[in-house]
Amino acid sequence: MSPWSREFRSLGLLLALAAGVGGWVGQPAWALCVALAGRLGWHLWQLRRFELWLGGRGRRLADERMDLWAEMTGDVLRIKRRSQKRKRRLSAILKQFLRSTAALPDGTVVLSPESRIVWFNQAAQRLLGLRAPQDNGQWVANLIRTPAFVRYLEGGVYDAGIEIPSPHAPDVLLSLQIVPYGADQRLLLARDVSRERHLDRVRKDFVANASHELRTPLTVLSGYVEMLLEEAQDDRSGWLMPLTAMREQAARMEQLLADLLLLSRLDEAPGTVRAERVDVSQLLARCCAEAERAAAGKLAIRSQVPGGLWVRGVEGELRSVFGNLLSNAVKYTPSGGTVTLAARRTAEGLQVEVADTGIGIAAEHLPRLTERFYRVDGGRGRDQGGTGLGLAIVKHALQRHDAQLVIHSEPGVGSRFECRFPAHRLLPDQIRAGCSSS
């Protein structure tokens, strides 16, 4: 029988007994009231005992009585035991997480919603100079006072990280990123990138110096090849073909060195460019004319560029951007195809796009197209005379203009390369003459 059934049965027996006694003495109502008051008083006493037990100041009610209060006490005790088991299990998981996080080579700092330090691992102590437990509860910007980090922390946009010198060791370069999680909490991750940046600098210096030093001997070699070609025009000894191949490869090497030097210059100044006024409409018209000459009538080159498009930037770098995109479109579009150059103002700023009806690019290659020397088809790229650096130059030059490159392509259909410039780079209309369509 359940405790509630026993309770109702005992209450019914008590009321029946009280009614019998009250009828015998001639006061049944008073007898029932006394019985109910006694039962209520007993329940209040049991409630008090239950409260003391819950607070840890009394003994639990005995199970052997099998009444309602003993059953409730048993239920609470079972819930408490399950809770303790879950607590021990969660505590073990938390300890394991803290041990694994403490072993990470990267610094990890748990921040509260108010950007105060809740916890950090040993790597954070080493990289950021934090001290345990003195720095727990401190506002993180009081300990990492670099202005760039304070702006990053207060800006609230954590899609990308920042690089700053370590506040503990200025010769150490740190990459910091904040990762939001949970209920408005955040993780601050710190990684030592000093060696990576040093290797990048060594690589860039080597490429720049090697490219610069190779230009002079290559120029001399090209000059002698040209001279020998002039003398071999009427020569029947068979030197004309190899000398022609040597001239073509020397020209390709000169283009490769020029691209490497341009990339090196872009790497030397990775920030945004100075604010020169560039007539994009006229620049695109010249690039369109060069593409028509390169196509030699085998392709249809169409221009949809209005007049009066001006931006703040460097004309030489923008010429490399648009020239590379048009050159690629012409190279990889079969005869009879179409290459379209278009530009228009948008709500976000200016969009310049180069579309073609060429061979297209498979989706798995798109994320790597802007890597240096990356080719979808290496053999075909070399046959076309490409260096594998064109799109890397496009990407770096656009980044210096706060712009981005967006690529859409489908094999057998064609490709579309979009250069999206932000509104602050776009100037008001300066001229109204448009670029004629062809």
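Here are some notes:
- Least to most buried among 299, 341 (fewest other Cβ within 10 Å first): 299, 341
- Acute angle (nearest 10 degrees) that the helix 315-331 long axis makes with the longest principal axis of the chain, alpha-carbon atoms: 80
- Long-range amide H partners of residue 369 with built H, under 5 Å: none
- Pairwise label distance in nanometres, residue 54 with residue 181, each label 7 Å out on the Cα-Cβ vector: 3.6
- Within the stretch 11-40, backbone nitrogen closer than 19 Å to the virtual label 7 Å beyond the Cα of residue 72 toward Cβ: 11-12, 36-40
- FRET E, pair residue 201, residue 251, Förster distance 45 Å, beta-carbon r, rounded to 0.05: 0.90
- A simple spin-label model places the labels of residue 296 and residue 362 3.1 nm from each other, with each point 7 Å out along Cα-to-Cβ.
- Scattering profile of the chain at q = 0.12 Å⁻¹ [log10 I(q)/I(0), Debye over alpha-carbon scatterers]: -1.15
- Take 322-328, 333-339 and order them by the average number of nearby Cβ atoms within 10 Å per residue, most first; the result is 322-328, 333-339.
- Enclosed volume per residue, in Å³, of the convex hull spanned by Cα atoms of the stretch 178-229: 99
- Between 0 and 90 degrees, the angle of helix 390-400 with respect to the longest Cα principal axis of the chain falls at about 60 degrees.
- Solvent-free Debye scattering, log10 I(q)/I(0), computed from the Cα coordinates of the stretch 140-206 at q = 0.13 Å⁻¹: -0.42
- Order by protection proxy (mean Cβ within 10 Å, highest first), peptides 195-201, 32-38, 350-356: 350-356, 32-38, 195-201
- Its residue count N sets the reference 2.2 N^0.38 Å, and the alpha-carbon radius of gyration of the stretch 3-98 equals 1.67 times that reference.
- Each Cα pair under 8 Å and six or more residues apart adds its sequence gap; the mean of these over the residue count of the chain is a relative contact order of 10 percent.
- Near the amide H of residue 304, within less than 5 Å, lie the amide hydrogens of 341, 342, 343, all on another chain or at least 5 residues away, with H placed in the peptide plane.
- Overall size of the stretch 276-427 from C-alpha positions, given as principal axis extents largest first: 42, 31, 25 Å.
- Added length on full extension, which subtracts the Cα-Cα distance from 0.36 nm per residue, residue 95 to residue 289: 63.0 nm
- C-alpha long axis of helix 194-231 to longest principal axis of the chain, angle in °: 20
- All Cα-Cα distances of the stretch 177-306, cut into 10 Å bins from zero to the largest, leave 9, 18, 23, 24, 15, 7, 3, 1, 0 percent in each bin in turn.
- Helix-derived mean residue ellipticity, 222 nm - over the chain, DSSP H n ≥ 4, -39500 (n - 2.57), to 500: -17000 deg cm²/dmol
- Taking every Cα-Cα distance in the stretch 196-268 and sorting them into 5 Å bins from zero, the calculated P(r) comes out as 3, 16, 20, 16, 12, 10, 8, 6, 4, 2, 1, 0 percent.
No value in this document is a laboratory result; all are computed from the given coordinates. Everything quoted here is computed from the prediction, not taken from an experiment. Backbone-built Cβ (ideal geometry, glycine too); neighbour counts: all protein chains shown.
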